[in-house]
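Read through the structure below, which is laid out as structure tokens, and then see the notes.
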Amino acid sequence: MESYFSMMDANLLRQTLSNWIISCANELQPVFDYMKEELLRRNYIHADETYVKVIEENVKDSKSKRFMWLYRSGGIENHIILYDYQKTRSGSCAEEFL
């Protein structure tokens, strides 16, 4: 995002962008919660995970793997798709989410 705004000559501090993202996430949490409730009402749910590379500070190997879990409602209409960021690909992540 930082480079996107920079291309538009809008030089924003990384901290400002981070604060915006955190604020948006907080405001959208009720929407996510509602969608999760609706997802759990469905007859079946598809789940899959894929790794993402993450740069972490204060870690010996600064590039570590994390996992983005995707949950999708079954059926052909009104799909619900939710993402869940986790440290592991363990099945316990799906159990806790569901």
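The values are calculated or read from the model by the stated rules, or taken from the named source; none is laboratory data. Quick caveat: nothing in here was measured; it's all calculated off a predicted structure. Cβ placement follows ideal geometry from the backbone for every residue including glycine, while neighbour counts extend to all protein chains displayed.
Residues in the range 55-98 that are at pLDDT below 85, closer than 16 Å to Ile45 by Cβ and in contact with a strand residue (DSSP E or B) (Cβ under 9 Å, 6 or more places away or on another chain): how many?
0
Consider only pairs whose beta carbons are under 9 Å apart and that are at least six residues apart or on different chains; among these, list those whose first residue lies in the range 25-45 and is in contact (Cβ under 8 Å) with a residue 24 or more places away in the chain and whose second residue is among the charged types (D, E, K, R).
Listed pairs, sorted by first residue: Leu39/Arg72; Ile45/Arg72.
Taking the condition touching a residue at least 24 places away in the same chain (Cβ under 8 Å) and either out of contact with any Leu (no Cβ under 7 Å at 6 or more places or on another chain) or assigned to a helix (DSSP H, G or I) (or both), does His79 pass?
So His79 fails the test.
Among the residues of the range 37-45, are any under 17 Å from the mean Cα position of the chain (by Cα) and surrounded by 11 or more Cβ atoms within 10 Å (Cβ to Cβ)?
Taking every residue of the range 37-45 in turn, at least one turns out to be under 17 Å from the mean Cα position of the chain (by Cα) and surrounded by 11 or more Cβ atoms within 10 Å (Cβ to Cβ).
Taking the range 11-36 only, how many residues are surrounded by 10 or more Cβ atoms within 10 Å (Cβ to Cβ), touching a Phe, Trp or Tyr at 6+ places or on another chain (Cβ under 9 Å) and either at pLDDT below 95 or not in a helix (DSSP H, G or I) (or both)?
2
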